[in-house]
C-alpha cells in the first residue's frame with residue numbers, strides 16, 4: 001500500500017495538484033461546505049424519523065427536500081476527497097484515522113441505500129401518518145453519531161500520532 | 001491547550017462540526033428566502049425552526065475558535081486570512097441585522113409567498129456568499145499561519161524527518177511523516 005501511495009504521490013497528476021498551492025485549500029473548503037449540506041440533510045431526515053422536526057410535513061416531503069442534497073453532497077465530497085488523497089496519498093494512507101473514516105463512510109453510504117430501499121411505496125407516496133419502528137429510530141440516532149465520527153476522523157487525519165499513539169500507521 | 005496534544009484535534013473537530021451545522025442550517029433558510037426550496041412552508045416557520053440550531057452551533061464554533069486562537073494568539077492575530085475571516089463574520093452579522101430590522105420587517109406580508117421580496121432575496125444570496133467566504137478563509141488560515149514552533153517535548157523531531165524541511169516548510173505543506181500539520185478537514 002505504501003508503495004502505491006509513493007507511486008501515486010510521484011505521478012504528474014498528484015504533483016500538479018500539489019504544485020498549485022491554492023488547489024488543496026480550495027478542495028478542502030468545498031469538502032467542508034459539503035459536510036454542512038450533507039450533515040444537516042442527514043440530521044433533518046433523522047430528526048423527522050424521530051418525529052422531532054417538520055411534523056407539519058409528511059416524511060415523503062422531507063425525504064424529497066433533503067435526500068437529493070444529501071446524495072449530491074456525498075458525491076461532491078467523495079470527488080474532492082479523492083483529489084485530496086491523490087495530492088497527499090502517503091499522508092492519508094499512513095493515517096489510522098483515514099482508514100477508519102473510509103470504513104465508517106462505507107457503512108454510512110450503505111445504510112442510507114438500505115434505508116431508502118426499505119421505504120415502502122406508501123411512505124414515499126406521502127403517507128403523513130407513517131410512524132417508523134423503534135429499530136429505525138435507533139438507526140436514525142446511530143446514523144447521526146456515525147457521521148459525527150466521520151467528521152471527527154477527517155479532522156484527525158492531520159493528527160494521527162497524537163490521536164492513536166502507537167496505533168498510528170505513521171508511527 | 002498547545003501542550004495538551006490531544007485537545008487540539010478534538011477542539012478543531014468540534015469547530016468543523018459546529019461550522020457544518022451553522023452553514024447547513026443557514027443554507028436551508030437562505031434557500032427558502034430565494035424560493036428555491038421549502039416554498040410551501042411559511043418563511044417564519046422554516047427560520048424559527050432552524051435558527052435556534054444555527055445560533056447554538058455558532059456559539060460552539062465561536063468558543064472552539066476562541067480556544068484555537070488562545071492556543072496560538074500571536075500567529076492568528078498576525079494572519080491576514082484570520083483577520084479577513086473575522087471581517088466576513090462581521091459582514092454576515094450586518095447582513096442579518098439589515099434583513100431583521102429593515103428589509104425583512106414586513107415579513108408578515110410575504111411569509112407564505114413562494115419567494116421573499118428583493119430585499120430578502122438579496123439577504124439570502126449575500127448570506128450564502130458570505131458564509132462560503134468565511135469557510136474558505138478559515139481553511140486558508142491553516143495554510144498561511146505557518147507552523148507552530150512550540151512542538152511538544154515528547155515529539156522527537158529528528159526521528160520525524162529532515163530538520164531543515166521542517167523549519168522551511170509550513171504546516172499544511174509538510175512532507176508526510178513530519179510533525180503534526182494543521183491541515184485538512
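Here are some notes:
- Residues of region B:123-158 that turn out to be farther than 17 Å from residue B:62 by Cα, modelled with pLDDT of 95 or more and touching a helix residue (DSSP H, G or I) at 6+ places or on another chain (Cβ under 8 Å), as a count: 6
- Of all residues in region B:80-94, those being over 16 Å from residue B:62 (Cβ atoms) and buried (at least 19 other Cβ atoms within 10 Å of the Cβ) number 1.
- Which listed residue is out of contact with any strand residue (DSSP E or B) (no Cβ under 6 Å at 6 or more places or on another chain) and modelled with pLDDT under 95, from B:95, B:79: B:79
- Wholly within region B:1-113, helices (runs of 4 or more DSSP H) carrying at least 3 residues that are within 10 Å of another protein chain (Cβ to nearest Cβ) and closer than 25 Å to residue A:45 by Cβ: B:7-33, B:43-71
- Helices (runs of 4 or more DSSP H) contained in region A:111-171 and holding at least 2 residues away from chain B (no Cβ under 14 Å): A:121-124, A:134-156
- Count - residues of region A:2-29 that are at pLDDT 90 or above, under 19 Å from residue B:141 (Cα atoms) and more than 9 Å from chain B (Cβ to nearest Cβ): 2
- Considering region A:39-80, and only residues there that are under 23 Å from residue A:101 (Cβ atoms) and in contact (Cβ under 8 Å) with a residue 60 or more places away in the chain, the residue that is nearest to the other protein chains (Cβ to nearest Cβ) turns out to be A:39.
- Count - residues of region A:30-54 that are modelled with pLDDT under 95 and out of contact with any helix residue (DSSP H, G or I) (no Cβ under 6 Å at 6 or more places or on another chain): 2
- Qualifying residue in region B:162-170 (condition: touching a helix residue (DSSP H, G or I) at 6+ places or on another chain (Cβ under 9 Å) and either assigned to a helix (DSSP H, G or I) or modelled with pLDDT of 95 or more (or both)): yes
The values are calculated or read from the model by the stated rules, or taken from the named source; none is laboratory data. Note that the structure is a prediction, hence the values are computed from the model and not measured. Because the Cβ atoms are built from the backbone with ideal geometry, glycine has one as well, and the counts that use them run over all protein chains shown.
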